[in-house]
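The next block holds one structure in the form of structure tokens; read it before the comments.
The values are calculated or read from the model by the stated rules, or taken from the named source; none is laboratory data. Model, not experiment: these values are computed from the prediction. So basically every Cβ, Gly included, is an ideal-geometry build from the backbone, and we count neighbours across all protein chains shown.
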Amino acid sequence: MSIIAYSYPRHGKAIHSGLAIFGIAAYLTAELAEADSNTWGYLIHAYLGFGLGLSIALRLALGFSHSETLSFKGWSPLVLNQWKIALADLKSLLRLKLPDHQHH
């Protein structure tokens, strides 16, 4: 298996990091928001959720842009080949191995 090093732009890395960090942090602070909407826990959870929403919106905007590395062109959920690639990726991840193919 050959290791392929891709160079993603800094803003792409930041958006994907935001998805992971804001998503996990908002999930972990959900218990803080249950008591009352006038508490610090609610505000923390809400702002983390806003950060996640912004990250998702930026990722979608880049996906529909003309970016070489981050665009959604050539990807369609209605194509059988895409589902085969996703299933192969899932199988390799279940074996604790990284998928070996082109990015996106």
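Only residues that are surrounded by 11 or more Cβ atoms within 10 Å (Cβ to Cβ), hydrophobic (A, V, I, L, M, F, W, C) and in contact with a helix residue (DSSP H, G or I) (Cβ under 8 Å, 6 or more places away or on another chain) were counted across segment 22-40, and they come to 6. On the stretch given as segment 61-102, residues that are closer than 21 Å to residue 7 by Cβ, aromatic (Phe, Trp, Tyr) and either surrounded by fewer than 12 Cβ atoms within 10 Å (Cβ to Cβ) or touching a strand residue (DSSP E or B) at 6+ places or on another chain (Cβ under 7 Å) (or both) total 1. Considering segment 57-85, and only residues there that are within 25 Å of residue 22 (Cα to Cα) and modelled with pLDDT under 85, the residue that is nearest to the chain's Cα centre (by Cα) turns out to be 70. Applying the criterion of being under 24 Å from residue 92 (Cα atoms), hydrophobic (A, V, I, L, M, F, W, C) and not in a helix (DSSP H, G or I) to the residues of segment 1-38, the residue that is modelled with the highest pLDDT is 5.
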